[in-house]
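One structure is given here, and the rest of the page talks about it.
The values are calculated or read from the model by the stated rules, or taken from the named source; none is laboratory data. Computed from a predicted structure; not experimentally measured. Neighbour counts are summed over all protein chains in view; Cβ atoms, including those assigned to glycine, are modelled from backbone coordinates with ideal geometry. For accessibility, only protein heavy atoms count, side chains too; no ligands or nucleic acids. Shrake-Rupley method; radii C 1.70, N 1.55, O 1.52, S 1.80 Å.
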Amino acid sequence: MQDHYQILEISRSSTFGDIKKAYYSRAKSCHPDRHNNSALKTEEFKLVVEAFNILSDPLKRAAYDAEYFSPADTPDRPRTTSIMDTPADDELEELITGNTIPHGGHLATLMLDLAQTDIFILFREGKDLFYRKRYRAARACFIKATSHSPCNILYRCYLARACAVL
């Protein structure tokens, strides 16, 4: 298994902003639509998406770090808990209301994919801020994410929790 930090070309102490910037850069450079749907680039793109999925979520990142690195190698991370019944429920909610990677697209799909991903990334940024106890900034992210996806119960739950803390 490849190290997710190496895939995104970042350090283990990277912030959410670093992860987001690295993801956009790597996703653009290896997106299959830019390489005539090359099988090699498709696999590379899948690795980049998976690395971002793990490292941009505080719960998944903490579990990943705990599994693959010793505590001495891992920067301090805030303790996180699932907002739904289990982390699997959180994941399911994100998948149901999240984005899928279209197949058979063209270069134009790359920009569309990235634009649709902005809301998902905004939510992940809010979640990161929430667990770092930056509740006002988190609330702003959740308000914007909820305005774009009003049926997403996970976005609404996090917004409510941020409001309750404030």
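Accessible area per residue for the range 1-75 is 52 Å², calculated with a 1.4 Å probe on protein heavy atoms, without ligands, DNA or RNA.
Projecting label points 7 angstrom from Cα along Cα→Cβ for residue 66 and residue 50 puts them 2.2 nm apart. Remark: relative contact order (the range 120-166) = 36 percent; criterion is Cα-Cα distance under 8 angstrom and separation of 6 or more residues.
On the basis of the beta-carbon distance and an R0 of 22 Å, residue 28 and residue 132 show a calculated FRET efficiency of 0.20.
How high is the FRET efficiency from residue 166 to residue 118, r the C-beta distance, R0 25 Å, rounded to 0.05?
It comes out at approximately 0.55.
Report, as a whole number in µm² per second, the diffusion coefficient that Stokes-Einstein gives for the range 1-74 at 4 °C and 1.567 mPa s using the Kirkwood radius over alpha carbon pairs. The calculation lands on 102 µm²/s. The length gained on full extension between residue 11 and residue 147, counted as 0.36 nm times the residue separation minus their Cα-Cα distance, comes to 45.7 nm. Once the Cα-Cα distance is subtracted from the 0.36 nm per residue extended length, the residue 2 to residue 36 segment shows a gain of 9.7 nm. Taking θ as phi - 60° and the Karplus parameters 6.51, -1.76 and 1.60, the scalar couplings of the range 10-22 work out to 10, 8, 5, 8, 4, 7, 4, x, 5, 5, 4, 4, 5 Hz in sequence order, x denoting glycine and proline.
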